[in-house]
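Nothing in this text is a laboratory measurement; each read-out follows from the coordinates by a stated rule. Nothing here was measured: the structure is a model prediction, and the numbers come from that model. Note that each Cβ is placed from the backbone with ideal geometry, even for glycine, and that neighbours are counted across all protein chains shown.
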Amino acid sequence: MNSNTADFRVGVVAPIECLKEGWQLIQDRYWLFLGLTLVAMLIGGAVPLILIGPMMCGLNLCLLAKMRGEPVQFETLFKGFDYFVQGLVAALIQAIPAFVLIVPAYVIFIFVSILTLPHDRSEGPPVVFFVMLIIFLFVVIIASVLIHSLFIFSYPLIVDRKLSGLDAVKLSVRAAIKNFGGVLGLTLLVAGLGIVGVIACYIGVLFVLPVSFATYVAAYRRVFPEISLGFVSPPPPPASWAA
């Protein structure tokens, strides 16, 4: 399917509602999706740019199948390798802005640190070092949130609309920009859940991960309705950003 023919809705991403829908989607099979998510992250993290694409495609296949009421088995996750090339292309494209924005900030931070840190280790770091550290962390966080928000629909578009990696990324960016307020709020909400999980002795973030991915899929289905036999499913009732 060409990305120009894959229409999307605007103004339907309500962060809290998507979170509720994501939890309702997986709650009856939570432990299965926890296992699927952990395996996907472990394999995808083993060779990040190469394997993360097909693993994310497989995880989205599982979530979308559950949403359609279809049976989900553990082997469904590895069907993501059927989209290996598309997933790889999407992952590589997503890495480009991260490299362009974050790497220069890191180089500047290291350069300023070398210039400002005292040679005498008995002296504490100067104020400028802490200022640069705060600026660097701020740039990294903002860049990460924006990049993730723009590419949030890429992998589900590959497996659901059968788009190429390039077309999926382009359409994801278009849809995210048109729904930017809701998508940004959703990304920040999921990030907040992750922070809560980290506070809970770090291990808590693992239990939040399947809910996070399910929340993104719930948002995806709101923006990209299911297409069946040429008909599009009716839109969900409008929800305000505050909802």
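Fully extending the segment from residue 50 to residue 131, taken as 0.36 nm per residue of separation minus the present Cα-Cα distance, adds 25.6 nm.
The angle between the Cα long axis of helix 30-46 and the main principal axis of the chain comes to about 50°, on a 0 to 90 degree scale.
Multiplying the residue separation of residue 138 and residue 102 by 0.36 nm and subtracting their alpha-carbon distance yields 11.9 nm. Hey, in the GNM for the chain with a 10 angstrom Cα cutoff, which one of 217, 13, 196 fluctuates hardest? Result: 196 has the largest fluctuation of those listed.
GNM on the chain, alpha-carbon springs under 10 angstrom: the most fluctuating residue among 212, 113, 172 is 113. Computed from backbone phi with θ = phi - 60° and the Karplus coefficients 6.51, -1.76 and 1.60, the 3J(HN,Hα) list for the stretch 48-62 is x, 6, 8, 9, 5, x, x, 5, 5, 4, x, 5, 5, 4, 5 Hz; x is used for glycine and proline.
Could you work out which residue, out of 42, 171, 59, moves most in a Gaussian network model of the chain, that is, has the largest mean-square fluctuation with Cα springs under 10 Å? Of 42, 171, 59, the most mobile in the Gaussian network model is 42. Debye-formula intensities of the stretch 43-117, expressed as log10 I(q)/I(0) at q = 0.15 Å⁻¹, are -0.62 (one equal scatterer per alpha-carbon, no solvent). Were the residues from residue 227 through residue 146 laid out at 0.36 nm apart, the gain over their Cα-Cα distance would be 26.3 nm.
Taking the square roots of five times each eigenvalue of the Cα gyration tensor of the chain, the equivalent ellipsoid has semi-axes of 35, 19, 19 Å, listed largest first.
About its Cα centre, the dipole of the chain is roughly 380 debye, where the only charges are +1 on Lys and Arg Cβ and -1 on Asp and Glu Cβ.
Once the Cβ-Cβ distance between residue 191 and residue 114 is put in as r, and R0 is 25 Å, what FRET efficiency do you end up with, to the nearest 0.05? Calculated value: 0.20.
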